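Here the structure comes first, spelled out in structure tokens, and everything after it is commentary.
The values are calculated or read from the model by the stated rules, or taken from the named source; none is laboratory data. The structure displayed is predicted, hence computed values, not measured ones. Here Cβ is always computed from backbone atoms with ideal geometry, including for glycine, and neighbour counts include all displayed protein chains. SASA here: full protein model, heavy atoms, side chains in, ligands and nucleic acids out. Shrake-Rupley method; radii C 1.70, N 1.55, O 1.52, S 1.80 Å.
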Amino acid sequence: MEFVHDVPGSRVVLRSGASLSAVPGEVERLGLERVLVVSGPRGAEVAHGVAGALGPVCVGVHAEARMHVPVDVAERAVESAERLRADGCVAVGGGSAIGLGKALALRAGLPLIAVPTTYSGSEMTPVWGLTENGVKRTGRDPAVLPRSVVYDPELTVGMPVALSVTSGVNALAHAAEGLYSPGVSPLVLLTAQEGVRAMAGALPEVAAVPGDSAARGRALYGAWLCGAVLGATVMGLHHRLAHVLGGSFGLPHSETHTVLLPYVLAFNFPAAPEASERLGRALGSADPVGALWGLCGRLGAPRSLGELGLAEGDLGRAAELAVGTAVPNPRAVTAEGVLGILRGAFEGREPRVP
Ligand code: NAD
């Protein structure tokens, strides 16, 4: 056995009501005196609630986060932080709001506290992203890893079932690709398996009773573990394809992950039998690809890239873009292989492991 386990820690609090009861204490622990709360426009009300709990320590709410962190959005947030003389940031929302918080950590040096409201996992990674002229750049920097992460199930009870399902499968994708990431440590493998078990168990409960705070807590627990896998590993072909389809064809983030995942795993698993076996154990099935596809179907997730707005004529170009950048992947990435994955996912036909 050979591995390198190098995972910088963040402090994590998961508790019902924690966005109001725990965030002020996390701010105090970090010695912050002037924090800026950031969110997306739709999350402004929740952000104002967190700001209210912080009292005078909060110097403002900046509710302008947008998908994929456009550079002008990041610049305006930095200006706002400088004008208000903020010494820290609390990001409330999904991956887009946390992404803006990371831009503030990167460009203004503000320590970041994340209060996630989706299962995207960004809060557990040192990866930032910025989009300029339609091109998204990403990088790793320990400065953008949140110092504290506060999970509050109450913030997710109102998340629509459709978004809960696709965001949850987005989390499963991090764990699934972590299972065949090169040099992955045994602790990360265990984290991935437990993350999949927790999330796959919680999603049907969430879909059945969306307001069930305990089930929401179990889903956030799964999201935390899957996000930790994302932060500790490098992702393969699945994430590359999702990046291409989101970045160059404007497809929605979590929905694209959800449609693609079973097809990419069906392609990769013949070259990654151990990962397949571990995912199967986590899902309680000898056929993990079939189990995942079945779960997504039962939860009413979108089935095809066509449904998400991709045109059939774009498949060839998407395959070309995907093979243009090398990714660590258990199976060789060829234009023909990628086109096969994309065609299957475009049509939404049942994926089969060759
Ligand atoms: P998002 O943050 O864009 O949120 C999607 C939509 O859901 C938004 O309209 C938002 O207002 C709404 N929403 C969020 N929480 C909600 C809730 N609790 N109830 C109701 N609506 C809610 O999407 P996302 O999937 O969370 O994140 C995607 C973005 O994060 C992408 O840009 C992706 O690249 C990035 N990301 C980055 C990393 C990283 O490590 N840097 C990891 C994962 C995702």
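Some observations on this one:
- Computed from the Cβ-Cβ distance with R0 of 45 Å, the FRET efficiency linking E277 to L20 stands at 0.55.
- Using 0.36 nm per residue and subtracting the Cα-Cα separation, the extra length available between A326 and E82 on full extension is 84.0 nm.
- Between helix 237-249 and the chain: long-axis angle, C-alpha atoms, 0 to 90°, nearest 10: 70 degrees
- Ordering D141, D152 by accessible surface, largest first, gives D141, D152; the 1.4 Å probe counts only protein heavy atoms, with every chain in place.
- Farthest toward positive dipole pole in the chain [+1 Lys/Arg, -1 Asp/Glu at C-beta], among F3, F269, A326: F3
- On a per residue basis, the range 161-347 carries 35 Å² of accessible surface, using protein heavy atoms and a 1.4 Å probe.
- Size of the range 11-156 as Cα extents on the principal axes (Å, biggest first): 40, 32, 28
- Prolate/oblate/rounded label for the chain (Cα gyration tensor, a/c 1.5): prolate
- Rolling a 1.4 angstrom probe over the chain with all protein chains present gives an accessible area of which 53% lies on carbon and sulfur atoms.
- Spin-label pair E307-A208: with each label point 7 Å from Cα along the Cα-Cβ axis, the two points sit 2.2 nm from one another.
- Cα centroid separation, the range 1-44 to the range 67-125 (Å): 12 Å
- Sparse-neighbourhood loop sites, GluC sites (Glu not before Pro) in the range 1-39 - DSSP loop, at most 15 other Cβ within 10 angstrom: E2, E33
- Taking label points 7 Å from Cα along the Cα-to-Cβ direction, H68 and R29 give a separation of 3.5 nm.
- Qualifying trypsin sites (Lys or Arg not before Pro) in the range 71-167, where qualification requires a DSSP coil assignment and no more than 15 other C-beta atoms within 10 Å, comprise R85.
- Spin-label zone in the range 77-118 - amide nitrogen under 15 Å from a point set 7 Å from the Cα of D141 along the C-beta vector: 77-79, 89, 99-112
- Averaging Cα coordinates gives a centre for the range 163-241 and one for the range 272-311; these two points are 13 Å apart.
- The magnitude of the dipole of the range 161-347, with charges of +1 and -1 set on the Cβ of Lys/Arg and Asp/Glu and taken from the Cα centre, is near 280 debye.
- Here the Karplus relation 6.51 cos²θ - 1.76 cosθ + 1.60, evaluated at θ = phi - 60°, turns the backbone of the range 133-148 into coupling constants of 6, x, 10, 9, 9, 10, x, 10, 8, x, 5, 8, 5, x, 6, 9 Hz, with x for every Gly and Pro.
- Residues whose placed amide H lies under 5 Å from that of G348, excluding near-sequence neighbours: L305
- Beta bridges per DSSP with both ends in the chain, % antiparallel, nearest 5: 25 percent
- Rounded to the nearest 20, the Cβ-based charge dipole of the range 11-156 about its Cα centre (Lys and Arg +1, Asp and Glu -1) stands at 260 debye.
- Among the protein heavy atoms, those of V209 account for about 80 Å² of accessible surface (1.4 Å probe, every chain in place).
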